[in-house]
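Worksheet for the structure shown next.
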């Protein structure tokens, strides 16, 4: 599993390659939300 900071960078890279101008959540937001997500 990717660490959250790498995940943020990877997703930004993919969106850049696709020429999609979306703003992703920053690392701290991802980190806080990941505590509430249950993964099976």
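The values are calculated or read from the model by the stated rules, or taken from the named source; none is laboratory data. Computed from a prediction, not measured in an experiment: that's the story for all the values here. Cβ: placed from backbone, ideal geometry, glycine included. Neighbour counts: every protein chain shown.
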### Message
When the residues of segment 17-31 are narrowed to those that are loosely packed, with under 11 Cβ neighbours inside 10 Å and assigned to a helix (DSSP H, G or I), which ends up modelled with the lowest pLDDT?
### Response
28
### Task
For residues that are at pLDDT below 75 and exposed (fewer than 12 other Cβ atoms within 10 Å of the Cβ), scanning just segment 1-16, find the one that is nearest to the chain's Cα centre (by Cα).
2
